[in-house]
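In what follows, a single structure is set out as structure tokens and then discussed.
The values are calculated or read from the model by the stated rules, or taken from the named source; none is laboratory data. Just so we're clear, the structure is a prediction, and the values are computed from it rather than from any experiment. Note that we place each Cβ from the backbone using ideal geometry, even for glycine, and neighbour counts take in every protein chain shown. These area figures cover heavy atoms from the full protein model, side chains too; ligands, DNA and RNA do not enter into them. Shrake-Rupley method; radii C 1.70, N 1.55, O 1.52, S 1.80 Å.
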Amino acid sequence: MATPMEEDLPEAGAPPPTAVAGGGAEDGDKPADRPPWDSDSDSSDSDDGGDGGDELRIQTLERTLQEQPLDYDSHVQLIQLLRKSGNIEKLRAAREEMNKYFPLTPKMWQDWAKDEISLSSGRGSFDDIEKLYECGVQEYLSIKLWRDHLDYVEEHDQSVSQCTQSGLSKMRDLYERAITAGGLHVTEGSKLWEAYREYEMAILTMSDGNDEEKAKQIQRIRVLFHRQLSVPLADIDSTLAEYKSWEAEEGSGKDQDSQFKDVPPNVLSAYKKASEMYNTRKQYEDQLSDTTESETNKLQVFLKYIKFEESSGDPARVQVLYERAVSELPVSSDLWMGYTSYLDRTLKVPAILKSVYHRATRNCTWISDLWVRYLLSLERIHASEDELRHVFDQAIRCSFPSMKEYLDIYLTRVDSLRRRMPAGLDFELIRQTFLAAAEFLSPQLGTEELLLLHAYWAKLECNIGKDLAAARGVWENIIKKSGSVLEVWQHYISMETEMGHIHEARSLYKRCYSKKIAGSGSEAICHAWIRFEREHGSLDDYDLAIKKVTPRLKELMMFKAQEEAKSNPSSAPKETSYANDSSQKRKPSKMTSKVQPPAKKRKDNPPKRTLPSDDHGSKEQDTNSHLQEAGEISKGKAEASMEMKVEGVSQGGNTSSTQPKPYFYSDKCTAYMSNIDLTATEMHIRRFFADIGGVADIRLLRDRFTKKSRGLAYVDFLDKEHLEAAIRKNKQKLLSKKVSIAYSDPSKSKKNREAGTASKGQDKLPSGGDHDEKAPADGTSEKEVPKGDAKITGRSTLFAPRSLIKPLGWNKSEKPDVAVEELKSNDDFRNLLLKK
């Protein structure tokens, strides 16, 4: 079965018929220009408010279809109203417009043809109506529509009615097409066979007495009987009886009372085989004829029936059964997918493949797999580039559930172009396809899919286009959009390495090792650089990589530790708890406080100069040792913190100790959104800016604990033009709330932070008398050290000369013998530290 393309449909500007026919006496006093199918419109006008109400509804539907041409129900309603009003010109245009987007049902084709026949006159009208029937029978398999088509041609075609040689050939060819299309229909196929036989019998009765021609005509009829008896049809027994009766009338001498007597052996064998085939299929036919079955159950019956027919190995029967199924369930993607797959495997006839794929994509436009198979099938049958491009353009204009399906269609198109490059195609076709795909898909496609597209593009630019600069441009373009994705850099570096461009690959490592890459990508790229230099670089290159990577890895490890501590505070390291000495156990509130300065310690915990007992002295030593050990722990933490800061300075080149936390977003092309509906997600915001495009990233601020939206977001754009367009959308509604959009100014928040940090630092500076500390007794400051006296700073006096160690709580006013006694106690303190 062949199906016309869109250019074969009736033109919308076809001239209307000049006369009206078919009115007859049954039309009564209706005006001549009123169509005969509107005989009951007068009674319904009074119920619907008259022609004025219908005209208003027609205008409303026309406006709706101008805005939404794919609204199927509006098309159907408009055609019904126009058919009722009798406006044949608008009705014809409405039907043609609908058929551009949707296939019409057999009933709609029948109504269209009947309406045109009632107004037809002349040869031109016959050609237009015949064309309508041709289009109709090729959309779906309908035995009734085929019968109408045959009857119309037989009745109105002058060459056929006059039994000219050309007319007879035309009519017989048309009947053969009908038999091919529906002659194997188990329940209704016999209607076509009977119509064919009746036509040939009519020719026999009109023969002029030429015995030779009459014998040929009788043989044609006999062959038709034999052909029908070999087909498993529902009324095969009645066909056999009719055949015997006809043979008896023609005087063949066969006994019609006997069921099989004198029937040719080959016909009898074919009849018995067909009867057995029908009996095995009767169970499926009974289930399909049940009008109470749902569409889901009917689909399952069809699928089982088709599987059974495929096992029998007759492609013609399988094809007819598929045609029956899709005519009853036209929007079932499972049926169309199975039908096209079967044809690709078995028949492989170009005309049939084009017809079925064309109808499949018109019925299920939203199934991307059908479009992909359509393109592949056209390539298999060596279709022209114009035809392939036409189908591809139709596919990308359809609506699919996800962007990945658009990507599959674009990649299928590129595959086809790549395979046909040896035939003389220009590589610019591939490049333009990639450009169109990147422009259309980038704003909404995931990183993995974008990487697949650009990697394929860059590979073809190198291998087929022989343009290395263009390939690098592809990677640079995706780095601007997805530079925080590890795989992007890995693929780029891999391309350079495979081509032997070691210097360029090393430059890429130098560019990306210090960038923030999602997940553990930053660590992975650092280790990959070291491995790269081990395999490809010199010793100097390896040393340089180690020098660059080592501080970066330390920074990443510390950052990871900080994040883990924030996410799980209970796992943070705590100060040493002395569970053994319950009398010296600290309170919980003091566990997390900072270590007090030495001056404050001396005031809060003054040393006791008299030792009433050894037990009391040991307790004092324990207390001092605990304080000294806590000081060592705090000092270690402070040194680690200082080391962290120094490393940060060495990386950034800034000597300021108050360097703020590095920013990973520059906010150069960023819009700040507020007053966002709390139910809005990143997808809603992306759709909000879909009309301007250019969205690179969306950062929706959420509550740290509840993870719910705070109604604030930062939106990064690709360039200033898109950012300015976004600012112009200020005060527009997003989910029924007017959002505020402004330029993001990170410098303000940075200044505020720096000012806050400075003020906090000033508040922490100690001032005279704040802590009620006493000045030195002799009036000397800490900076003024007597000549010859060495000053010990810090808390660790383990390796200082014993003569210079000042015991805790010692000052110049005390007597030397007291200091010596406390130094003795420090011997125990030193031994305790050595044990620790």
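Couple of notes before you dig in:
- Test: residue in the stretch 194-203 that is buried (at least 17 other Cβ atoms within 10 Å of the Cβ), farther than 16 Å from residue 277 by Cα, aromatic (Phe, Trp, Tyr) and out of contact with any Gly (no Cβ under 8 Å at 6 or more places or on another chain): yes
- With respect to the conditions (1) touching a helix residue (DSSP H, G or I) at 6+ places or on another chain (Cβ under 7 Å); (2) of a type outside the set (Val, Ile, Thr); (3) free of Cβ contacts under 8 Å to residues at least 12 places away in the same chain, residue 152 lacks only one, and its number is (3).
- Residues located in the stretch 126-142, provided they are surrounded by fewer than 20 Cβ atoms within 10 Å (Cβ to Cβ) and either of a type in the set (Val, Ile, Thr) or closer than 19 Å to residue 83 by Cα (or both): 128
- On inspection, residue 188 fails the criterion of being surrounded by fewer than 17 Cβ atoms within 10 Å (Cβ to Cβ) and closer than 21 Å to residue 238 by Cβ.
- Subset of the stretch 63-89 [touching a residue at least 24 places away in the same chain (Cβ under 8 Å) and part of a helix (DSSP H, G or I)]: 65, 72, 75, 79, 81, 82, 83, 84, 85, 88, 89
- Evaluating residue 454 against the criteria (1) crowded, with 19+ Cβ neighbours inside 10 Å; (2) under 25 Å from residue 367 (Cβ atoms) leaves one unmet condition, (2).
- Condition met for residue 703 (acidic (Asp, Glu) and under 19 Å from residue 668 (Cβ atoms)): no
- Of all residues in the stretch 361-371, those satisfying the criterion of being of a type outside the set (Lys, Arg) and in a helix (DSSP H, G or I) are 361, 363, 368, 369, 370, 371.
- Qualifying positions in the stretch 497-544 - within 17 Å of residue 484 (Cα to Cα) and open to solvent by 60 Å² or more (accessible area, probe 1.4 Å): 510, 511, 514, 515, 516, 518, 519, 520, 527
Here is a yes/no grid of residues against (1) under 26 Å from residue 178 (Cα atoms); (2) open to solvent by 20 Å² or more (accessible area, probe 1.4 Å); (3) among the aromatic types (Phe, Trp, Tyr):
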{"position": "296", "(1), (2), (3)": "no, yes, no"}
{"position": "314", "(1), (2), (3)": "yes, yes, no"}
{"position": "338", "(1), (2), (3)": "yes, yes, no"}
{"position": "341", "(1), (2), (3)": "yes, yes, no"}
{"position": "353", "(1), (2), (3)": "yes, no, no"}
{"position": "359", "(1), (2), (3)": "yes, no, no"}
{"position": "363", "(1), (2), (3)": "yes, no, no"}
{"position": "366", "(1), (2), (3)": "no, yes, yes"}
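- For the condition open to solvent by 70 Å² or more (accessible area, probe 1.4 Å) and within 22 Å of residue 443 (Cβ to Cβ), residue 720 qualifies.
- Residue match in the stretch 96-104 (condition: in contact with an Asp or Glu (Cβ under 8 Å, 6 or more places away or on another chain) and not in a helix (DSSP H, G or I)): yes
- Candidates 177, 147: the one that is within 20 Å of residue 359 (Cα to Cα), at pLDDT 95 or above and part of a helix (DSSP H, G or I) is 177.
- Hits in the stretch 261-288 - residues which are farther than 20 Å from residue 227 by Cα, open to solvent by less than 30 Å² (accessible area, probe 1.4 Å) and charged (D, E, K, R): 285
- Being in contact with a helix residue (DSSP H, G or I) (Cβ under 6 Å, 6 or more places away or on another chain) and within 25 Å of residue 144 (Cβ to Cβ) holds for only one residue in 161, 230, 166, and it is 230.
- Residue check, residue 434 open to solvent by 50 Å² or more (accessible area, probe 1.4 Å), in a helix (DSSP H, G or I), under 30 Å from residue 685 (Cα atoms) and touching a Phe, Trp or Tyr at 6+ places or on another chain (Cβ under 9 Å): no
- Any hit, the stretch 438-453, residues being of a type outside the set (S, T, N, Q) and more than 26 Å from residue 690 (Cα to Cα): no
- Whichever residue in the stretch 377-418 is farther than 23 Å from residue 435 by Cβ and surrounded by fewer than 16 Cβ atoms within 10 Å (Cβ to Cβ) and, among such residues, is nearest to the chain's Cα centre (by Cα): 401
- Among residues of the stretch 451-486 being touching a residue at least 24 places away in the same chain (Cβ under 8 Å) and in a loop (DSSP other than H, G, I, E, B), the one that is nearest to the chain's Cα centre (by Cα) is 485.
- When restricted to residues that are surrounded by 14 or more Cβ atoms within 10 Å (Cβ to Cβ) and of a type in the set (Gly, Ala, Ser), the stretch 165-182 contains 4.
- Any hit, the stretch 157-164, residues being without any contact (Cβ under 8 Å) to a residue 40 or more places away in the chain, open to solvent by 10 Å² or more (accessible area, probe 1.4 Å) and assigned to a loop (DSSP other than H, G, I, E, B): yes
- Screening residue 444 on (1) polar (S, T, N, Q); (2) open to solvent by 30 Å² or more (accessible area, probe 1.4 Å); (3) assigned to a helix (DSSP H, G or I) shows it passes everything except condition (3).
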